[in-house]
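Notes for the one structure printed next.
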Amino acid sequence: MQDNQIDWEHLADLAGKVAYVVAERWHIVEADDVKQAMLEHALRERKNIAPVADNERMMRKIFYTVGQRYAARERVYRDLMDGEYFYTADEARNALKLLIYTTDEFANMIGKKDMLNHCEITDNLHTARMEAEAGLKKLSDRYQRLLMSHYVFGLPIGSEADKKACQRGVIALSYEMNRSIRRKAVHA
């Protein structure tokens, strides 16, 4: 199928249906905005879309993936801009280093100087440690394994791919820690 043979009206209708599903799952986005992102993607990628434009199942998958990515970008942007973005990647890294201590050991250290991080242990670090522990459980198994082995157990990272994945894992952990704060604020 050529670009001029794509039934854009049908694709717009299909994008609207899929956008509604995405907007129902991601309450931070509007269905119209998601639909627009889907159609913009289809227009930009029309050479790749043209051969599968008649395959409704494939187009639903493509539109759903585009919608999910759009919603995730919007959530990250909102997290950054709403003034409630608390943990940076560096802070998440520091919180991970504190997981080497058991809960009892860490509780006994509050108010004392930590030789590992060279800082005084405060309630803020205790909270960050708890947020990191909870956020770590929401990450993929690979991220969990890499972050624990490198930051908690102090093992070197082998390959370049693992180094990059470890960096992405820290960023993902900081996002999870911030979402945890947001969920607590909403339920309070």
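The values are calculated or read from the model by the stated rules, or taken from the named source; none is laboratory data. The shown structure was predicted, so the numbers you read here are calculated from the model rather than taken from an experiment. Note: ideal-geometry Cβ built from the backbone for every residue, glycine included; neighbour counts use all protein chains shown. These area figures cover heavy atoms from the full protein model, side chains too; ligands, DNA and RNA do not enter into them. Shrake-Rupley method; radii C 1.70, N 1.55, O 1.52, S 1.80 Å.
The table below lists the values:
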{"read-out": "Subset of region 30-68 (residues that are open to solvent by 60 Å² or more (accessible area, probe 1.4 Å) and touching a residue at least 12 places away in the same chain (Cβ under 8 Å))", "value": "ASP32, ASP33, LYS35, ARG46, LYS47, PRO51, ASP54, GLU56, ARG60, TYR64"}
{"read-out": "Index of the failed condition, LYS138 passing every other in (1) closer than 18 Å to TYR87 by Cα; (2) in a helix (DSSP H, G or I)", "value": "(2)"}
{"read-out": "Filtered residue count, region 132-151, keeping only those that are touching a helix residue (DSSP H, G or I) at 6+ places or on another chain (Cβ under 8 Å), among the basic types (Lys, Arg) and under 11 Å from GLY169 (Cβ atoms)", "value": "1"}
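Yes or no, residue by residue, for (1) open to solvent by 50 Å² or more (accessible area, probe 1.4 Å); (2) in a loop (DSSP other than H, G, I, E, B); (3) at pLDDT 85 or above:
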residue: LEU96; (1), (2), (3): no, no, yes
residue: PHE106; (1), (2), (3): no, no, no
residue: GLU131; (1), (2), (3): no, no, yes
residue: LEU146; (1), (2), (3): no, no, yes
residue: CYS166; (1), (2), (3): no, no, yes
residue: VAL186; (1), (2), (3): yes, no, no
